[in-house]
């Protein structure tokens, strides 16, 4: 695979083989990006887990490659984003063509003041490698087991029992909770007999990873009806190691075996890159896709995350990014339940919130597919009309759909998000994921707001002078239960305050959060706003905190 050297992870005989089953707080089934991220997130909350995977290596082929800003912010909290940024190809510009004419280009992150870029491209095997290496930093909390295949699953008292096949025989594992992160062909979904309802699209696509020895640009390029005639549509992305991902839309009647013949693949590739550019086929596959999800993501003590819970088309980078947002949502809740700080019904909010996110992704995916592969005369007439107008008329560009790229999911309007202080007409509303901005701490060192949010509940307040800071401290006295941190955002370091201060010298935090003096937010451990107040009171903060934990305030 280009310059990447696949490694095999060592198989170890489980201590349960030939002995009594051990009970674990959490069993994670699947060691792809979603399962590994879940184990790391749980470890950061002090929750031990055993991770079971039937393979012993990272994924073959680049698979998921586009990692969005929100996902990178989550990976930053998990401790792997810096490595991903150092290796990945950063991009923010996309270009859209119809035949040989460029219709327009777009900028995904037109403003500054964010630590993370709009997107990076990085092959899934690198992401998995970094996550494995990060997981190994928690030897007391993460038990990684390779070549351990789950063969049976049944409910057990206060948890679940799994039977696992290994080269040394079968053994049993008991767990309080099971996270099913075993992908689109989920074994656990099958073992529980759960229907996976959705729509299968007949359209076939050829995906090719090609190593190109030329200085091709890093921007995303998409062609409708390309004049080089190598597909009904073509998408190209640059990845590290001079590997380029090229997607060719083939149509529903394509012969997969024929299309995967290397010489045929390379003829298509030559149509995109030119006849004289040095290039070599690295990996290819023909695929079709479906949009589907489970009716529920929580089934007793088994919780489904990632592709085991929902699948979408690859256009828009919604699969892997959506799965990481699942992890971000569920792990802090599971940690609270296991610690006895929240009732088990808190996991129902994971179901509601991430079903909402999956439906949003499926809706966007279906719209993309309808635009790329119109099935009726009306759909085709609409698509062709939009493409004809998009070069000259900005309104038409908003209708072009070559894959609405993944955006962070807002939970506005769902249960548990408070409207207390609704007179506060600010840009950050309950349910929205927090925006980043540059800050400095008490030592004056440059820092980022999101580094101080996440993993715990946070009360975030704004004070412009020492008087407003003292009023905040008085009004919020006793508002923070154990484990809730209190932060004040100030324009400069104010003397005499007892709250930890983050200095917003550039004013971007105040601008992005509508941070007039006294404005206060309660932020969940997954960096979502759960409540806000123009003039907070300790009792209101406490009620919102308890509601966020699934309690009756």
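The values are calculated or read from the model by the stated rules, or taken from the named source; none is laboratory data. Fair warning: this is a prediction, and the values are worked out from it, not measured in the lab. Reconstructed Cβ throughout: ideal geometry from the backbone, glycine too, with neighbour counts over all protein chains shown.
Restricted to helices (runs of 4 or more DSSP H) entirely inside segment 33-90, those with at least 3 residues that are at pLDDT 95 or above and under 19 Å from residue 308 (Cα atoms) are 33-44.
Residues in segment 150-168 that are surrounded by fewer than 18 Cβ atoms within 10 Å (Cβ to Cβ) and either part of a loop (DSSP other than H, G, I, E, B) or modelled with pLDDT of 95 or more (or both): how many? Before the answer, list the steps.
In the first step, residues of segment 150-168 are kept if they are surrounded by fewer than 18 Cβ atoms within 10 Å (Cβ to Cβ); the result is 151-152, 154-158, 163, 165, 167-168.
From what's left, either part of a loop (DSSP other than H, G, I, E, B) or modelled with pLDDT of 95 or more (or both): 151-152, 157-158, 163, 165, 167-168.
Residues in segment 150-168 being surrounded by fewer than 18 Cβ atoms within 10 Å (Cβ to Cβ) and either part of a loop (DSSP other than H, G, I, E, B) or modelled with pLDDT of 95 or more (or both): 8 in total.
Here residue 526 meets the list (1) out of contact with any helix residue (DSSP H, G or I) (no Cβ under 6 Å at 6 or more places or on another chain); (2) crowded, with 22+ Cβ neighbours inside 10 Å; (3) under 28 Å from residue 111 (Cα atoms) almost entirely, failing just condition (1). The residue pairs whose first member lies in segment 246-265 and is touching a residue at least 60 places away in the same chain (Cβ under 8 Å), whose second member is part of a loop (DSSP other than H, G, I, E, B), and whose beta carbons are closer than 7 Å, counting only pairs six or more residues apart or on different chains, are 249/231; 249/232.
Do you know which of the residues in segment 105-136 that are assigned to a loop (DSSP other than H, G, I, E, B) and without any contact (Cβ under 8 Å) to a residue 24 or more places away in the chain is nearest to residue 216 (Cα to Cα)? Quick ask: steps written out before the conclusion?
Quick first cut of segment 105-136, residues assigned to a loop (DSSP other than H, G, I, E, B) only: 108-118, 122-123, 136.
Narrowing the set further to residues that are without any contact (Cβ under 8 Å) to a residue 24 or more places away in the chain leaves 110-112, 136.
On the way: 110: 23, 111: 25, 112: 26, 136: 36 Å.
The selected residue is 110.
Pairs are defined by a Cβ separation below 6 Å, a sequence spacing of at least 6 or placement on different chains, a first member in segment 141-160 that is at positive phi and outside the structural domain of residue 51 (by TED's automatic domain parsing), and a second member that is in a strand (DSSP E or B) and modelled with pLDDT under 95; no pair meets this definition.
For segment 197-224, residues that are in contact with a helix residue (DSSP H, G or I) (Cβ under 7 Å, 6 or more places away or on another chain) and either surrounded by fewer than 14 Cβ atoms within 10 Å (Cβ to Cβ) or at pLDDT 95 or above (or both) total 1.
In this entry, residue 531 is excluded by the filter for residues that are surrounded by fewer than 23 Cβ atoms within 10 Å (Cβ to Cβ) and within 22 Å of residue 426 (Cβ to Cβ). Only one of the numbered conditions (1) assigned by TED's automatic domain parsing to the domain that holds residue 265; (2) touching a strand residue (DSSP E or B) at 6+ places or on another chain (Cβ under 7 Å) is not met by residue 215, and that is (2). For residue 269, the conditions (1) touching a helix residue (DSSP H, G or I) at 6+ places or on another chain (Cβ under 7 Å); (2) crowded, with 20+ Cβ neighbours inside 10 Å; (3) not in a strand (DSSP E or B) are fulfilled apart from (1).
Every test in (1) surrounded by fewer than 19 Cβ atoms within 10 Å (Cβ to Cβ); (2) under 25 Å from residue 6 (Cα atoms) is passed by residue 50 save one, and that test is (1).
Might you let me know whether segment 277-295 holds any residue that is without any contact (Cβ under 8 Å) to a residue 60 or more places away in the chain and assigned to a loop (DSSP other than H, G, I, E, B)?
Within segment 277-295, the first condition is being without any contact (Cβ under 8 Å) to a residue 60 or more places away in the chain, and the residues that meet it are none.
No - not one qualifying residue is present in segment 277-295.
Pairs linking a residue in segment 83-104 that is over 18 Å from residue 116 (Cα atoms) to a residue that is modelled with pLDDT under 90 and in a loop (DSSP other than H, G, I, E, B), with Cβ atoms under 7 Å and 6 or more positions apart or on different chains, are 95/219; 96/402; 99/227; 100/227.
For segment 16-37, the tally of residues that are under 16 Å from the mean Cα position of the chain (by Cα) and farther than 17 Å from residue 54 by Cβ stands at 1. Selection of segment 223-266 for residues being in a helix (DSSP H, G or I) and under 29 Å from the mean Cα position of the chain (by Cα) yields 240, 241, 242.
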